[in-house]
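What follows is a short report on a single structure.
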Amino acid sequence: MNAIIIWLLSLPEIVLSGLVAAVVGGVAGALSWPLRRSLDSGTGGGGATNLIVAFFVVFVISISGAATSAIRRAYLPDVVVEMISEDPFTAAVLARHPESRERLRLAFSEILATAAPDEIMARSRGVGEEIIAPYFLKDFLRAPDEAIVSYVRGSAPVLADLAAASPAICAGYYFIGPPAEPRPTPDLLAAFARLSGLKAEIVKAAARGDGTVPEPPSPEAAYGILTRAYEAAGRDPAGLEALGMLDQLPPAEGCGWTIAFNDTLVALGPEAPDILRSLFLP
């Protein structure tokens, strides 16, 4: 959902004009669905339903022209926040950190009011990096060990899907983030949906914890544990060095090193949470 919405917002004004109509019309239609269903089930429902549909068609047409910019500024930020809140991960963040909803709305309002069409994609992506990502990192560090172990294990099939759908996003799974403009293909969105579920469980688990961050091993100690684990699995420890330059490697190669890293974490089992905390603790 997030990728689609951000892609929509990146389109030029002339195209966005029609898409705003579609989005608002879709929301209105969704809100009317219970009423339409009840009317259809009763006598005379067909005529009433036609009137409702006609109303929304007129409503959509009425906002599709010169008012588009005003709609973008006044309404689309709320629509975007509501739509992305259907995503399990975003919903979990909004529930645990209520202030994040208004921060998102204000951020999208600012973008739609000030950004040139060709800037909207990058700035919308920045919203996720600046607002949502810090909440996830905070919750990841505070999540119980068993939740992080589940996340690591669940990441294996997600990474396999990403390797096929987008090696660049696979390569950035832990360390460098996704490329600037991922193409929202069906396979990629399916992988994102699975990842969203994993991240949502981390946020929910952190909410059940006591809020403390366990003391992790030093980065040097964590590196030693990883090196021994790589050697025990017959993997080249040089792969650990590759993790520090993933943005300089071909995506498929970087993806392979990232999968090897996650497989090592899976093998480490209960040691994996402290390793990740050591790597990601600010």
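Coordinate-derived values only; no laboratory data. Values in this document were obtained by computation on a predicted structure and should not be read as measured data. Using ideal geometry, Cβ is built from the backbone for each residue, glycine included, and neighbour counts are taken over all protein chains shown.
With each label modelled as a point 7 angstrom along the Cα→C-beta vector, the Arg194-Thr212 pair spans 3.6 nm. Within the shell of other residues whose beta carbon sits under 12 angstrom from the beta carbon of Ser85, the net charge comes to -2, with Lys and Arg scored +1 and Asp and Glu -1.
Using the empirical formula 2.2 N^0.38 Å as the baseline, the Cα radius of gyration of segment 143-280 reaches a ratio of 1.05.
With K and R counted +1 and D and E -1, the other residues having a Cβ less than 14 Å from that of Tyr230 yield a net charge of -3. Measuring r between the beta carbons of Thr227 and Ala91 and using R0 = 41 Å, the FRET efficiency lands at 0.60. Per-residue Karplus couplings for segment 168-175, computed as 6.51 cos²θ - 1.76 cosθ + 1.60 with θ equal to phi - 60°, are listed in order as 5, 6, 4, 4, x, 4, 9, 10 Hz, Gly and Pro entered as x. For Ile202, neighbours were defined as the other residues whose beta-carbon sits under 13 Å from its Cβ, and their charges (Lys and Arg +1, Asp and Glu -1) total +4.
Derived scalar couplings between HN and Hα for segment 96-101 equal 7, 10, x, 5, 5, 4 Hz in order, rounded to whole Hz, by the Karplus curve 6.51 cos²θ - 1.76 cosθ + 1.60 (θ = phi - 60°), x for Gly and Pro.
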